Amino acid sequence: MLEFHDIHVHYQKVAALKGVSISVPAGGIVTIVGANGAGKSTTLRCISGLVRPSKGEIRFNGERIDQLPPEKIVARGIAHVPEGRRIFPDLTVEENLRIGAFLRTDTDGIERDLENIFERFPRLRERRTQWARSMSGGEQQMVAIGRAMMSGPKLLLLDEPSMGLSPVMVQEMARIISDISAAGVPVILVEQNAGLALKLASYAYVLEIGSIALEGAAAELRSNDHVRRAYLGG
């Protein structure tokens, strides 16, 4: 579904990605794990058009997208939930969700998807008229994911969805991500919580200082000595 081939990204003279190649199939969860500054968020920002590669190609369903603006990438079916959620604090929960469908014109489909979001996230239905800024961190993450799902994505990019959440909410977020994948939406999951990410994903990439250090089935990487020492605490 997505081919991220030999991608290089520079911030001025600093190389953030150095020849990274990632392949994402049409189903399941692919995770990218690594330390702070490894290039995980840059990878997602590159896919969604927020950062331009200095070299390489990104193809989505066979079409090259690395020169497209972000709104055209969204229109092709890639939705990005950024690190830190980035919801609109002075809009209501429902207004935030409806913004996710801004590029859509299928009114009936939008209403149907909004109802689906409320079924998946009952708390958002209860708080649909509440200001987003008054929500808890976990609830705001639900709003951010729901907003992305309102675009009708064919691929969902999640950047650190468990960051700053309580242990209970981390488990809830894991359930939500699994449910989205099971419903047929492939997910690229960037997580500093490597234990969580490797349990959720079927395939994993380990990114270190802008390069792929390891890749393979997530279950196999969980038992890899380097991964266990560097990311799993033992």
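Values quoted throughout were computed directly from the atomic coordinates according to the rules given, and no laboratory measurement underlies them. These numbers come from a predicted model, not from an experiment. Neighbour counts are summed over all protein chains in view; Cβ atoms, including those assigned to glycine, are modelled from backbone coordinates with ideal geometry.
Observations on the model:
- Annotation: amide H-H contacts under 5 Å for Gly216 (H modelled 1.01 Å from N, sequence separation of 5 or more, or interchain): Ala204.
- Burial ranking of peptide ranges 150-157, 79-86 (average Cβ count within 10 Å, highest at the top): 150-157, 79-86
- When each of Lys18/Lys55; Lys18/Lys72; Lys40/Lys154 is checked by Cα-Cα distance, pairs over 19 Å: Lys18/Lys72; Lys40/Lys154
- From the C-alpha gyration tensor of the stretch 86-152, square roots of 5λ in Å: 18, 12, 9
- Cβ-based net charge around Ala197, under 11 Å, with every Lys or Arg adding one and every Asp or Glu removing one: +1
- The Rg/Rh ratio of the chain, with both radii computed over alpha carbons and Rh defined as the Kirkwood radius, is 0.96.
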